[in-house]
Structure formats: structure tokens, C-alpha cells
Amino acid sequence: MQYFVPILLNCKNKICCIVGGGRIAERKVKGLMKSGALITVISPNITPDLQVLADHKQLHWVNRVYREGDLQGAFLVYAATDQRDVNDAVAHEARQRGILVNVADRLEEADFITPGIIRRGRLTISVSTAGAGPAVTSEITSALDTLFGNEYEPYLDFMYDMRQAIKRIVSSPQQRAKLLRRLASSGILEQIRRQEFTAWTQKEMDRWIAQNQEE
């Protein structure tokens, strides 16, 4: 079995090129939308949803078939057509240029794969079944989607703000870690779930840090 290294890529302001304009290409585009990537779609035909995105300048549509040289300057490439020879040509050019490439339906030829994703603000959970199939990935993703509800978005925003406050006030790495562990076990998440939590002011954050440093 082929194993992939799970990583999260920063695609902001980087060219991500999708060759193909069908449903698979559409899924790849939607997965990139919130990343800040500069999305280019190369295909003579695209889905209605991709057309809307192109009309609103949310992606650059090259309205023609792929040509060698189209991948120049790309950071990531998706070969997502329904034509094997085109996908092979895209993968070949990408590798010649040292660009990571995802090849639709050919796990063994891909430098990376696109997992199932759950997002809750700062929380990102990715699910891959290493080729067992999108149906299985979708089933597992749905189960995790139920387990990690919308309460995680405000919870992680709160934890982020508190971490910044702790870093500002506390110099000791050991003491910082101790405070963050105590905060994580303080029941804030359950308060948010029960809608009993009110966002802390900066003064309340500083007071909690001061009180818990003393203990």
C-alpha cells in the first residue's frame, strides 16, 4: 500500500492549475477557494458552477485544450480531464518542471492526493483512505463532521486569543504550556456547546492568566 505524508500547504497568491473542466475539476477548484490561491482552469468546456466563478473573476479560465507550456509558474497542478493521454501529458510536464501534480483516478501516479476535508474556522481535519474510494472517505468524513460541530470555531478562536495573551504576558515556555493545558481542560468547550459562554474581554483574559499563574 502506498503511504502519503499528511501536510497542509500554503497556497496563498500561488498559481494552482487545474486541467479539466468537469465535476472532478470543479471539486478541486472548490477545495482551493478559501486558500487564497490564484486558480487557473484550462479546458474548452467547464461546468455551470465553474462558469459562475469565472464570471466573478474568482478563477482564470483558459478556454481551450491544454498545451505544453501551460504549467509554467504553477505551484500545484491537477490533471483532471477524462482523457488519459491529456492527463499523462500534464503529469509529464509537471514533473519536468518540478511541480507537484495530482492525477485524477490514478493514485499511483499522483505526487499528492486531495483528502476529504472538514473545516471549523481554524480547525482543519483531513481524511484519506489511500485509494479505498470516495464513498468510504465521504462516510468517515460525515461521521467526523457530526463529532466536531460548529462549536469548535468559536472555541478555537478563543483558544487562539488566549494563547496570544499568554505569550505576551508569560515568558516561561513551561509556564505557558501549563496554562494552556489548564485552559483546555477548563470546560470552555462545553460552555460554548450549551450556549452559556460569553466572550472574554482582554481584561478578563489577563486576570485569568494572573490568577492561574499564582496557583
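The values are calculated or read from the model by the stated rules, or taken from the named source; none is laboratory data. As the structure is a computational prediction, the values presented were derived from the model and not from experiment. Cβ coordinates were reconstructed from backbone atoms using ideal geometry, including for glycine residues, and neighbour counts include every protein chain displayed.
Report, by residue number, each residue of segment 41-87 that is β-branched (Val, Ile, Thr) and either within 22 Å of residue 112 (Cα to Cα) or not assigned by TED's automatic domain parsing to the domain that holds residue 19 (or both). Talk me through it step by step, then tell me what you get.
Let us first name the residues in segment 41-87 that are β-branched (Val, Ile, Thr), namely 41-42, 46-47, 52, 62, 65, 77, 81, 86.
Listed by number, the residues that qualify are 41, 42, 77, 81, 86.
Of everything in segment 109-162, what is free of Cβ contacts under 8 Å to residues at least 60 places away in the same chain and on the phi > 0 side of the Ramachandran plot? Give them in sequence order.
121, 133, listed by residue number.
Tell me, please, whether a residue that is surrounded by fewer than 17 Cβ atoms within 10 Å (Cβ to Cβ) and either at pLDDT below 95 or on the phi > 0 side of the Ramachandran plot (or both) can be found in segment 40-55.
no
Hey, could you check segment 85-106 for residues that are over 19 Å from residue 11 (Cβ atoms) and loosely packed, with under 13 Cβ neighbours inside 10 Å and say which is farthest from the chain's Cα centre (by Cα)?
Among them, the one singled out is 85.
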